[in-house]
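Some notes on the structure that comes next.
The values are calculated or read from the model by the stated rules, or taken from the named source; none is laboratory data. Predicted model, so just to flag it, every value in this text is computed and none were measured. A quick note on method: Cβ atoms are made from the backbone with ideal geometry, for glycine too, and the neighbour counts reach across all protein chains shown.
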Amino acid sequence: MEKVYYFDNNATSRVAPEVAKEMEPFFNELYGNPSSMHFFGGGNQKYMDLARSRVAKLLGCETSELIFTSCGTESDSTAIWSTIQSYPEKNHFITTKVEHPAVLNLAKHMESKGYRVTYLPVDTAGQINLDDLKTALTPDTALVSIMWANNETGVVYPVEEAARITHAKGALFHTDAVQAVGKIPINLKETKIDLLSLSGHKLHAPKGIGALYVRKGIRYSPFMLGGHQEHGRRAGTENVPYIAGLGKAAELAAANLEKENTYVKALRDRLENGLTAAIKNTRVNGGGAPRLPNTTNISFEYIEGESILLMISELGICASSGSACTSGSLEPSHVLMAMAVPQTYAHGSIRFSLSVYNTEEEVDYIIKSFPPVIERLRAISPFAEGKPLFGTEACEPHHH
Ligand code: PLP
């Protein structure tokens, strides 16, 4: 295979070789069911215990406060449904306009069922205002759900303070920390956070494994009903190989946390500074707020993110665009729209998300490859300076 310049780690990350190695025995010799009475299956309990203690260490919580799930989405759904079930007398949910669809689409569904939902706005830097949270909280509020870090821009939200404010008003606090875990320090013991979601495939474990932190003592109702696994909190035979893999990934993430905030951050800054210096009419979305060390979201004025992605894909570069072209109309990302990014910039955004596996040579290859791509696209852009902006005919339906 040709060289892949992988800068899409917020979408998913490679499985670390150490993680793959940790998982391998469970596909071959150690295939027993941990619920079995016999030594062979029951013996697998100790590997799950090890994994749970590794994840607990990364988060600064108790092992008994962790439930393994199938993904970040399941953790988010469980946290939210559990709270709704546990507080039937309450009818209000607060979240933000910039959440991942895993939270936003559930919020919309709840609205359709008669639940009242408040979506907190963000400023032009992408940041929430805690006064808005204070104003929105009522005695009727069951839950506040605010992501720890945004997947598109990397903006980090003040969730610890938000959790304190929420607790003072008697509601539970959930955070979707899928993008934060392994990238910034987390110590749950020092916070008032009640529920936290994480996903393995964003931190070099495989896709299809996640975890939910449930603070000891809070009301909890299971989302999946069935067997007694995970102490009756999440039914279904445990995915032992993936749980072992997540444990190893958590251990590696703890060891790499400093590297994320030095090495990876320096690479991200080099990429961001290199591109914005070499190319005119760019802006860094979320650049004015605290951000994850691995993420940069850069808008190139007058062009469409998808066209950039297609052209750089031919050069071996993998990144993401914020916009999604659906049913013939070009909709910029809901995150950039909430930040009021100007129209001419909102459509041309590219997210680069790095990991410890990226190198300076890769960054320099991107800095070198980009200017001709942007120049070419601007030359043929129907939107460029002086031309009418974004008519409905601007976007052909894309076939992904
Ligand atoms: N929440 C955020 C912030 C994410 O970035 C993602 C993944 O894209 C998810 C939730 C969903 O995680 P999963 O793919 O494990 O369901």
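Of note:
- Filter result (buried (at least 18 other Cβ atoms within 10 Å of the Cβ), of a type outside the set (Gly, Ala, Ser) and within 16 Å of Thr83 (Cβ to Cβ)) within segment 160-181: Thr166, Leu172, Phe173, His174, Thr175, Asp176
- Members of segment 70-81 found to be of a type in the set (S, T, N, Q) and either crowded, with 24+ Cβ neighbours inside 10 Å or not assigned by TED's automatic domain parsing to the domain that holds Tyr242 (or both), listed by number: Ser75, Thr78
- Matching entry among Arg234, Arg219 (being farther than 17 Å from Glu62 by Cβ, among the charged types (D, E, K, R) and not in a helix (DSSP H, G or I)): Arg219
- Within segment 301-316, residues that are assigned by TED's automatic domain parsing to the domain that holds Val284 and assigned to a helix (DSSP H, G or I) have Cβ atoms under 8 Å from residues that are buried (at least 18 other Cβ atoms within 10 Å of the Cβ) and aromatic (Phe, Trp, Tyr) in these pairs: Ile308/Phe300; Ile312/Phe370, counting only partners at least 6 apart in sequence or on another chain.
- Qualifying positions in segment 33-48 - surrounded by 14 or more Cβ atoms within 10 Å (Cβ to Cβ) and either part of a helix (DSSP H, G or I) or touching a Cys at 6+ places or on another chain (Cβ under 6 Å) (or both): Gly41, Gly42, Gln45, Tyr47, Met48
- Summed over segment 182-200, residues that are surrounded by fewer than 24 Cβ atoms within 10 Å (Cβ to Cβ) and either under 14 Å from the mean Cα position of the chain (by Cα) or part of a helix (DSSP H, G or I) (or both) total 4.
- For Val15, the criteria (1) touching a Pro at 6+ places or on another chain (Cβ under 9 Å); (2) assigned to a loop (DSSP other than H, G, I, E, B); (3) exposed (fewer than 15 other Cβ atoms within 10 Å of the Cβ); (4) not basic (Lys, Arg) hold in every case but one, which is (3).
- If the condition is being aromatic (Phe, Trp, Tyr) and either at pLDDT below 95 or closer than 10 Å to Ser221 by Cβ (or both), then segment 61-86 contributes only Trp81.
- Flag for Pro222 being surrounded by fewer than 20 Cβ atoms within 10 Å (Cβ to Cβ), at pLDDT 95 or above and either of a type outside the set (Val, Ile, Thr) or out of contact with any Gly (no Cβ under 8 Å at 6 or more places or on another chain) (or both): yes
- Test result for Thr95, assigned to a loop (DSSP other than H, G, I, E, B) and outside the structural domain of Ala319 (by TED's automatic domain parsing): no
- Considering Ile84, Ile67, Ile80, the condition of being within 26 Å of Asn150 (Cα to Cα) and touching a strand residue (DSSP E or B) at 6+ places or on another chain (Cβ under 6 Å) is satisfied by Ile67 alone.
- Extreme residue, surrounded by the most Cβ atoms within 10 Å (Cβ to Cβ), among residues of segment 340-379 that are closer than 15 Å to Lys265 by Cα and β-branched (Val, Ile, Thr): Val363
- Test set (1) away from the ligand (no atom under 16 Å from the Cβ); (2) in contact (Cβ under 8 Å) with a residue 40 or more places away in the chain; (3) in a loop (DSSP other than H, G, I, E, B); (4) hydrophobic (A, V, I, L, M, F, W, C) - Ala20 fails condition number: (3)
- Thr78 touching a Leu at 6+ places or on another chain (Cβ under 6 Å) and closer than 19 Å to Ala171 by Cβ: yes
- The criterion of being more than 21 Å from Gln45 (Cβ to Cβ) and out of contact with any His (no Cβ under 9 Å at 6 or more places or on another chain) does not hold for Ser70.
Quick grid of which residues meet (1) within 11 Å of the ligand (Cβ to nearest atom); (2) within 29 Å of Pro342 (Cβ to Cβ); (3) not in a helix (DSSP H, G or I):
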| residue | (1), (2), (3) |
| --- | --- |
| Leu104 | yes, yes, no |
| Glu111 | no, no, no |
| Gly114 | no, no, yes |
| Thr118 | no, yes, yes |
| Ala125 | no, yes, yes |
| Val144 | no, no, yes |
| Glu160 | no, no, no |
| Arg164 | no, no, no |
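- Residue that is farthest from the ligand (Cβ to nearest atom), among those in segment 68-90 that are touching a residue at least 40 places away in the same chain (Cβ under 8 Å) and among the charged types (D, E, K, R): Lys90
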